[in-house]
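This report refers to the structure that appears directly beneath it.
The values are calculated or read from the model by the stated rules, or taken from the named source; none is laboratory data. Predicted, not measured: the structure shown is a model, and the values here were computed from it. Methodologically, a virtual Cβ is constructed for each residue, glycine included, from the backbone with ideal geometry; neighbour enumeration extends over all protein chains shown. Each accessible area value is taken on the protein alone, full model and side chains, heavy atoms only, with ligands, DNA and RNA left out. Shrake-Rupley method; radii C 1.70, N 1.55, O 1.52, S 1.80 Å.
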Amino acid sequence: MFNDTSSLRSHLATRRSGKARDMVAPGPDAATLRTIIALALRTPDHGKLAPWRIVTVADDQRDAFAQLLKQAWVDENPGAAGMDLSALDQFAHQAPTLLVLLSTPVTDSKIPLWEQQMSAGAVGMNLLHAAHAHGFVGSWLTGWAAYSPAVARAFGAHAGDTIVGYFFLGTAGADLSERPRPEYDDVVSAWDI
């Protein structure tokens with residue numbers, strides 16, 4: 001069983017993202033989504049800078065999001081006009097709920113940029129945990145759309161800001177399956193002085 005919420009330990013041991021393309025309704029309603037986001041914001045944040053922002057994309061904005069992706073793709077890839085861009089449409093319309101997480105570091109802070117970016121990543125992980133705790137599945141996706149400056153600007157990014165990822169939330173429309181995980185001894189070692 002994946003995303004077992006019977007205890008925190010069980011949840012962490014069984015946590016599994018869902019595939020955004022397989023998610024179906026329902027997604028979280030407005031009140032539940034607000035709670036999910038509030039829980040995600042309880043993250044390590046050295047300096048109390050809140051160096052991140054979350055943008056919600058409503059159902060009735062998905063066509064505009066798809067158009068943004070297609071225009072940015074054509075602008076960034078000369079010769080792409082007229083190509084089949086249906087994958088971008090599919091990306092924009094998958095799953096019932098879409099959040100965009102941005103890293104918005106405070107550049108005049110003594111807190112290193114890397115720490116601020118890690119804090120944004122921690123918000124992302126907490127978004128998944130909070131969604132799963134509420135009985136939904138979540139998926140954190142990046143890809144080209146997360147690295148496009150034009151797309152980032154459309155979500156309010158300023159110089160130095162980046163899209164951490166797109167967070168798709170919904171109900172699993174297909175069985176979740178395990179993926180390969182690293183072996184403990186391959187990634188953990190004792191310090192040998």
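Side notes on the structure shown:
- Listed by first and then second residue, the pairs with beta-carbon distance under 8 Å, at least 6 apart or on different chains, first residue in segment 75-90 and at pLDDT 90 or above, second part of a loop (DSSP other than H, G, I, E, B), are Glu76/Ser148.
- Pairs with Cβ under 6 Å, 6+ apart, first in segment 1-19 and more than 15 Å from Ala172 (Cα to Cα) and open to solvent by 30 Å² or more (accessible area, probe 1.4 Å), second among the hydrophobic types (A, V, I, L, M, F, W, C) and in a helix (DSSP H, G or I): Thr5/Ala133
Rundown of residues vs (1) basic (Lys, Arg); (2) in contact with a Gly (Cβ under 6 Å, 6 or more places away or on another chain); (3) over 27 Å from Lys48 (Cα atoms), yes/no style:
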{"residue": "Arg62", "(1), (2), (3)": "yes, no, yes"}
{"residue": "Gln67", "(1), (2), (3)": "no, no, yes"}
{"residue": "Asp75", "(1), (2), (3)": "no, no, yes"}
{"residue": "Trp114", "(1), (2), (3)": "no, no, no"}
{"residue": "Val123", "(1), (2), (3)": "no, no, no"}
{"residue": "Ala133", "(1), (2), (3)": "no, no, no"}
{"residue": "Val151", "(1), (2), (3)": "no, no, yes"}
{"residue": "Glu178", "(1), (2), (3)": "no, no, yes"}
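- The residue list Ala159, Ala131, Ala152 contains one member that is farther than 18 Å from Asp89 by Cβ and touching a Pro at 6+ places or on another chain (Cβ under 8 Å), which is Ala131.
- Qualifying residues in segment 111-143 (those that are closer than 18 Å to Ala157 by Cβ, under 13 Å from the mean Cα position of the chain (by Cα) and among the small types (Gly, Ala, Ser)) - the one modelled with the lowest pLDDT: Gly143
- Unmet requirement for Trp140, which otherwise passes all of (1) closer than 30 Å to Lys48 by Cα; (2) among the hydrophobic types (A, V, I, L, M, F, W, C); (3) assigned to a loop (DSSP other than H, G, I, E, B); (4) open to solvent by 30 Å² or more (accessible area, probe 1.4 Å): (3)
- Qualifying residues in segment 119-135 (those that are of a type outside the set (A, V, I, L, M) and open to solvent by 30 Å² or more (accessible area, probe 1.4 Å)) - the one farthest from Ile37 (Cα to Cα): Gly135
- Residue that is in contact (Cβ under 8 Å) with a residue 12 or more places away in the chain, basic (Lys, Arg) and in contact with a Leu (Cβ under 8 Å, 6 or more places away or on another chain), where the choices are Arg42, Arg53: Arg53
- Filtering segment 20-73 to residues that are in a helix (DSSP H, G or I), hydrophobic (A, V, I, L, M, F, W, C) and more than 22 Å from Ala172 (Cα to Cα) leaves Ala38, Ala64, Phe65, Ala66, Leu68, Leu69, Ala72, Trp73.
- Here Ala150, Ala157 are screened, and the one residue that is without any contact (Cβ under 8 Å) to a residue 60 or more places away in the chain, open to solvent by less than 50 Å² (accessible area, probe 1.4 Å) and under 16 Å from Phe65 (Cβ atoms) is Ala157.
- For segment 97-117, the set of residues classified as open to solvent by 30 Å² or more (accessible area, probe 1.4 Å) and either assigned to a helix (DSSP H, G or I) or not polar (S, T, N, Q) (or both) consists of Val106, Asp108, Lys110, Pro112, Leu113, Trp114, Glu115, Gln117, listed by residue number.
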